[in-house]
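Have a look at the structure below before the remarks.
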Amino acid sequence: MATRSRRPGAKAALLPVLLTGALALAACSSGGSSTTSQSGGGTAAAKTLVIDTSFDLKTADPGRTYEPTGLIIGKAAYETLLTFEGSDVTKPVPALAESFELSDDGKELTLKLRQGATFADGSPVTADDVVFSLNRVRDMKGTPSFLLDGVEVAKTGADTITLTSKSANPALPYILPNPALGILNSKVAKEHGATTDAGDKAEQYLNSASAGSGPYTIESFNVSTQVVLKANAKYWGPDKPVYDKVVLRNVEAATQKLNISRGDSQVALNLSGDQVAGITGDLTVKKTASANVIFLLANQNPAVSKVTSNPKFAEAVRKGVDYAGLLELAGEGSVQAPGVIPSMLLGALPPEQAAKRDIEGAKAALKESGVADPTVKLEYPSELTVNGLSFQPLAERVQANLKEVGITVELAPAPITTALDNYRNGKEELGLWYWGPDYPDPSDYLSFLPGKLVGLRAGWKAGADKELEAAGEKAATTIGDEARKQAYVDVQTKLNASGPFVPLIQPSQNIVTAKSVTGLEFHPVWTVDVADLK
Amino acid sequence: MSPTSSNEDLKEGTARRKPPGRTGRRSPLVRFLARRVLTALLLAVGITLVTFVLTNMVPGDPVSANLGQRALGDPAIVAQWRAEHGLDKPLPQQYLLHLQGVLQGDLGTSQQSHRPVLDDLAESVPATLELAGAAILISLVAGVAFGVIAALRRDRLSDHVLRVISLIGISVPTFWLALTAFYVFFYRLQVTPGSGRIDPGMSPPPQVTGLYTVDSALAGQWDVFSSAVGHLITPALVLALYTIGLLTRFTRSAVLEVLGQDYVRAARAKGLPPRVILFRYVLRSALVPIITVAGLAFGSLLSGTVLVEAIFAWPGVGQYAYKSATTLDLPAVMGVGLVVGGVYLVINLIVDVLYGVIDPRVRLQ
């Protein structure tokens with residue numbers, strides 16, 4: 001009886017299973033066919049370029065942009081007065097301005113606007129647009145407002161703009177290429193609520209469309225998933241955009257690797273040294289030291305730590321770290337940071353001045369400090385990665401290095417939002433952090449001096465090192481490339497001798513591209529200029 | 001309330017329940033529903049409070065998560081940012097403002113996208129619903145079918161095979177499965193398309209429901225439709241595998257239990273066709289535990305989507321929640337909490353109502 005009833009029942013139940021199977025098969029095959037048509041995305045037919053990156057993005061409003069992904073978009077959609085050629089950030093070159101001149105006292109920068117440049121809607125780029133755009137960035141108090149702190153912008157002729165600073169500001173030509181200072185079509189922007197004060201309401205509009213003169217315009221924008229750029233058909237410049245469409249997708253690094261290997265994307269920006277090591281086939285891997293400097297800070301405030309504020313302690317750490325080991329960990333393309341200023345900037349210390357491991361020297365310094373068997377807490381952001389390099393293994397390596405010297409390091413990782421609080425308030429005993437340049441000029445690194453932004457985070461108050469502070473003030477106002485270079489080398493040499501910072505490494509920035517894509521240059525400010533890609 | 005009035009209430013209550021009039025069959029169900037909906041609404045308010053308290057208990061300052069290193073050094077910028085996001089007010093007042101906003105359909109403005117949270121959710125929720133919906137459909141069909149087959153062919157080869165499959169489905173972590181499926185089908189075998197909801201070169205269909213498969217079909221864009229289905233199938237199957245395993249096991253044991261009942265034997269003895277026995281007697285009785293498990297499974301689907309969405313770059317609530325949490329975007333986190341809590345409420349409500357419909361005893365409890 002039982003057997004008789006079982007079989008037909010089973011047949012009836014099998015039906016939905018077969019159906020699901022058939023559906024799945026049908027879907028898979030349709031998926032397959034769409035992939036084949038799309039894998040030619042980088043070539044003739046579609047002219048679509050797909051860039052995979054882990055999004056760090058908040059806005060497409062240039063005046064509020066301060067995140068790596070936002071700067072890529074800003075660079076493509078807007079143009080600035082000055083720019084950099086390729087990856088050379090030691091020499092600003094004209095862009096929307098055809099020439100610029102810094103006065104002898106370094107306080108006045110005069111720029112002459114280029115003729116014939118037009119916005120995406122065809123209207124000409126005027127001096128009024130420039131004045132409005134720069135004033136807007138400075139006065140609406142967005143994140144990049146500080147770039148123009150104390151800079152007055154005025155139209156001093158039909159095509160002339162003069163930027164006046166209160167004190168000598170030789171860094172200004174290096175600041176102007178920042179995509180946050182992109183020039184807006186002021187008429188369009190004003191129609192959509194742009195003002196030159198904190199009441200500005202144009203962001204929503206600028207997140208859906210762009211009002212710039214760049215080679216690309218924004219077609220669609222979503223901060224957590226993807227941004228689509230469209231070629232600006234009316235682009236005025238000599239190098240017309242090559243791709244009709246550029247899609248930036250938010251993709252995990254592990255998936256980025258599979259996507260580009262499979263031909264689903266043409267550029268992957270966030271692969272770590274480990275991940276690019278296994279890449280083969282028709283792909284190009286560009287490994288360049290990034291401009292991010294990872295450093296240790298030893299708090300100088302005795303209320304925070306009796307140990308780290310001891311002048312000899314930082315020296316023991318500086319001599320105790322195994323830099324070669326850290327470089328091995330960071331992978332090919334990374335370099336040791338001899339000072340806080342990264343290698344590609346004017347005024348960077350030469351590699352031979354980099355600290356070397358000297359365990360005996362470290363032990364001697366520790367003995368001189370008079371602190372026996374110190375235990376210190378090392379705080380760092382647990383889930384933060386810089387160029388694909390996680391802070392966790394770095395911290396563990398430092399812990400092991402210092403153990404050999406006789407310093408016990410307790411690791412205290414925290415989520416970045418929590419860790420930032422202690423760091424910002426100068427409460428970390430020992431901290432592991434990084435600094436990426438706000439703009440590629442050494443003056444950005446004066447923040448590390450006593451009483452300044454990063455100095456205070458290390459509990460280093462103004463007046464703590466008068467000689468160093470004087471050297472810093474001199475560097476800030478020195479004019480002329482060669483003289484500035486000397487001044488900043490001097491600042492860093494002093495900083496390394498007596499400061500609370502231990503510069504460690506600059507991890508490698510690995511950019512993987514399909515063979516079909518050429519012209520890629522790594523750029524320390526905007527990572528990659530989409531318009532460079534051919 | 002005076003004792004007399006409560007007595008009257010009591011009397012009235014008993015009086016209403018007593019006479020089994022003609023409406024007697026329907027009214028318990030209606031009352032049961034009303035009670036359920038009311039509880040759900042109260043719970044919804046509770047959810048707003050819990051999400052608010054939890055998000056504000058997180059150590060860490062949203063200011064440092066949202067402003068750059070330089071802007072943080074300028075007290076004017078920091079103060080302005082706080083005021084702009086209502087963080088300068090005391091917490092109870094912030095909650096009341098939040099609740100007031102929610103009641104007016106305003107979930108605040110996201111600190112990361114600078115758009116209304118509701119707009120962000122309107123984009124990401126349909127993406128997740130499409131994924132989770134496809135997964136629950138697949139798992140209901142496959143799970144129930146597998147369970148029935150396993151029960152009917154108890155201790156035979158097919159039963160053993162299905163039990164092994166369900167065990168694998170339950171025990172393998174979803175994120176591992178997602179990574180493996182992506183690697184094998186996309187990278188190695190090259191049969192499935194890459195990450196995202198459609199091919200990167202394509203434009204999404206005009207929005208009606210927000211489900212790309214439905215919208216593209218409505219618009220007659222068949223190339224988009226096939227791309228959307230192709231992108232959907234692997235992540236949906238990955239998500240479904242766990243629930244398939246769960247449903248297979250529960251269906252199998254439920255069906256086995258019913259098969260052993262006297263009334264089934266009686267039906268067989270009467271010579272009723274096996275198909276009638278299976279669908280009218282066995283499955284109907286087995287449905288209650290199956291629905292319970294399916295409801296619970298939907299919850300686990302929602303948590304599973306966070307990882308699956310990350311691996312397949314699926315622009316859903318999971319990704320939005322992850323990004324909001326890591327950037328301490330409080331309005332967005334509270335919005336996501338409200339939506340996820342709301343979905344759970346609705347699922348529970350549906351499950352409860354289905355109980356009432358299937359099993360009359362439940363309504364009267």
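The values are calculated or read from the model by the stated rules, or taken from the named source; none is laboratory data. Quantities reported herein were computed from a predicted structural model and do not represent experimental measurements. Ideal geometry is used to build each Cβ from the backbone, glycine not excepted, and the neighbour counts take in all protein chains shown. With ligands, DNA and RNA removed, areas are computed over all heavy atoms of the protein, side chains included. Shrake-Rupley method; radii C 1.70, N 1.55, O 1.52, S 1.80 Å.
So which of A:K306/A:K466; A:K466/A:K494; A:K286/A:K515; A:K306/A:K427; A:K367/A:K461 end up more than 20 Å apart by C-alpha?
On the way: A:K306/A:K466 22 Å; A:K466/A:K494 11 Å; A:K286/A:K515 12 Å; A:K306/A:K427 13 Å; A:K367/A:K461 26 Å.
The pairs that break the limit, which is 20 Å between Cα atoms, are A:K306/A:K466; A:K367/A:K461.
When the helix-only estimate is applied to chain A (DSSP H runs of n ≥ 4, each -39,500 (n - 2.57), divided by the residue count), what is the mean residue ellipticity at 222 nm, nearest 500 deg cm²/dmol?
Calculated mean residue ellipticity at 222 nm is -10000 deg cm²/dmol.
For q values of 0.06, 0.07, 0.09 Å⁻¹, compute log₁₀ I(q)/I(0) with the Debye formula on a Cα-only model of the protein assembly as shown, without solvent.
The calculated log intensity ratios at q = 0.06, 0.07, 0.09 Å⁻¹ are -0.51, -0.67, -1.01.
Using a 1.4 angstrom probe, figure out how much accessible area the protein assembly as shown has per residue, in square angstrom, rounded to the nearest whole. Don't jump to the answer; show the numbers that get you there.
Working: 38280 Å² over 899 residues.
Ligands and nucleic acids excluded, the figure is 43 Å² per residue.
Have a look at the stretch A:194-233 and report residues whose accessible surface goes down by 40 Å² or more when the remaining protein chains are included, against the chain on its own, probe 1.4 Å, ligands and DNA/RNA excluded.
Residues of the stretch A:194-233 that lose at least 40 Å² of accessible area once the other chains are added: A:Q204, A:V223, A:S224, A:T225.
Restricting to DSSP H runs of at least four residues, report the calculated mean residue ellipticity at 222 nm for chain B, -39500 (n - 2.57) per run over all residues, nearest 500 deg cm²/dmol. Working shown, then result.
Details: 16 runs with 263 residues, N = 365.
Here the helix-only value at 222 nm equals -24000 deg cm²/dmol.
Pairs of Cα atoms under 8 Å, at least six residues apart: use those to get the relative contact order of the stretch B:121-327, whole percent. Please list the in-between numbers first.
Numbers: 264 pairs, mean separation 73.1, N = 207.
Contact order relative to length: 35 percent.
Along the charge dipole of the stretch B:121-327, which of B:L189, B:G304, B:S158 sits closest to the positive end, that is, farthest toward it, with unit charges on the beta carbon of Lys, Arg, Asp and Glu (+1, +1, -1, -1)?
Toward the positive end, the furthest listed residue is B:S158.
Quantify how strongly other chains surround peptide A:245-251 by giving the mean number of their Cβ atoms within 10 Å of each of its Cβ atoms.
4
Just by accessible area at a 1.4 angstrom probe, what is the order of B:M202, B:M57, B:M334 from largest to smallest? Write out the running numbers ahead of the final one.
Details: B:M202 45, B:M57 130, B:M334 20 Å².
Ranked from most to least accessible, the order is B:M57, B:M202, B:M334.
Using a simple charge model, +1 on the beta-carbon of Lys and Arg, -1 on the beta-carbon of Asp and Glu, nothing else, what dipole does the protein assembly as shown show about its Cα centre, in debye to the nearest 20? Provide the component values of the computation, followed by the final result.
Details: 83 positive and 83 negative charges, 1157 e Å.
Computed charge dipole of the protein assembly as shown: roughly 5560 debye.
Computed over the Cα atoms, what is the radius of gyration of chain A divided by 2.2 N^0.38 Å, N being its residue count? It would help to have the intermediate numbers written out before the result.
Details: Rg = 26.7 Å, N = 534, 2.2 N^0.38 = 23.9 Å.
Against the empirical 2.2 N^0.38 Å value, I get 1.12 for chain A.
Can you find, among B:V293, A:G86, B:G335, the residue sitting farthest towards the positive end of the charge dipole of the protein assembly as shown, where Lys and Arg contribute +1 and Asp and Glu -1 at Cβ?
The Cα lying farthest towards the positive end belongs to B:V293.
Just how large is the dipole of the stretch B:121-327 about the Cα centre, in debye to the nearest 20, putting +1 at every Lys and Arg Cβ and -1 at every Asp and Glu Cβ? All intermediate terms of the calculation are to be shown ahead of the outcome.
Details: 15 positive and 10 negative charges, 225 e Å.
In total the dipole reaches around 1080 debye.
In whole Hz, what ³J(HN,Hα) sequence does the stretch A:495-505 give by Karplus (6.51, -1.76, 1.60; θ = phi - 60°), x for Gly and Pro?
Calculated HN-Hα couplings, in order: 4, 5, 6, 10, x, x, 9, 10, x, 9, 9 Hz.
Using just the alpha carbons, could you tell me how many Å³ per residue the convex hull of the stretch B:121-327 encloses? Write down the numbers at each step before the final one.
On the way: hull volume 30.4 nm³, N = 207.
Enclosed volume per residue, from the Cα hull, is 147 Å³.
Report the accessible area of A:D61, computed with a 1.4 Å probe over the heavy atoms of all protein chains in place, in Å² rounded to the nearest 10.
It works out to around 0 Å².
If you average the sequence gap of Cα pairs under 8 Å that are 6 or more apart and divide by the length of chain A, what percent do you get for the contact order? Please list the in-between numbers first.
On the way: 1133 pairs, mean separation 99.2, N = 534.
This gives 19 percent for chain A.
Taking the Cα atoms of the stretch A:141-270, report the difference between the largest and smallest coordinate on each principal axis, in whole Å and largest first.
Rounded to whole Å, the extents work out to 54, 35, 31 Å.
Among B:A122, B:I136, B:V78, pick out the residue whose Cα is farthest towards the positive end of the charge dipole of the stretch B:77-145, where Lys and Arg carry +1 and Asp and Glu carry -1 on C-beta, about the Cα centre.
Positive-most Cα among the choices belongs to B:V78.
Please say if chain B is rounded, prolate or oblate, where rounded means a/c under 1.5 for a ≥ b ≥ c the square roots of the C-alpha gyration tensor eigenvalues, and otherwise the choice is prolate for a/b larger than b/c and oblate otherwise? Can you show the working numbers first?
Details: a/c = 2.43, a/b = 1.24, b/c = 1.96.
Judged from the Cα gyration tensor, chain B comes out oblate (a/c at least 1.5, b/c at or above a/b).
Across peptide B:137-149, what mean number of C-beta atoms from other chains lies inside 10 Å of a residue's C-beta?
Values: counts 2, 3, 1, 1, 6, 6, 0, 3, 10, 3, 1, 7, 8.
If you average over the peptide's residues, the count of other-chain Cβ atoms is 4.
Given a 1.4 Å probe and no ligands, DNA or RNA in the count, how much accessible surface is buried by A and B, both sides, to the nearest 100 Å²?
Values: alone 22830 and 21120 Å², together 38280 Å².
Chain pair A/B: roughly 5700 Å² of buried accessible area.
Could you check how much of the accessible area of the protein assembly as shown is carbon and sulfur, as a whole percent, using a 1.4 Å probe? Intermediate results must be reported in sequence, preceding the final value.
On the way: 22760 of 38280 Å².
The C+S portion of the solvent-accessible surface of the protein assembly as shown is 59 percent.
Magnitude of the Cβ-charge dipole of the stretch A:411-534, K/R +1 and D/E -1, about the Cα centre, nearest 20 debye? Write down the numbers at each step before the final one.
Details: 12 positive and 16 negative charges, 42 e Å.
With Lys and Arg at +1 and Asp and Glu at -1, about 200 debye.
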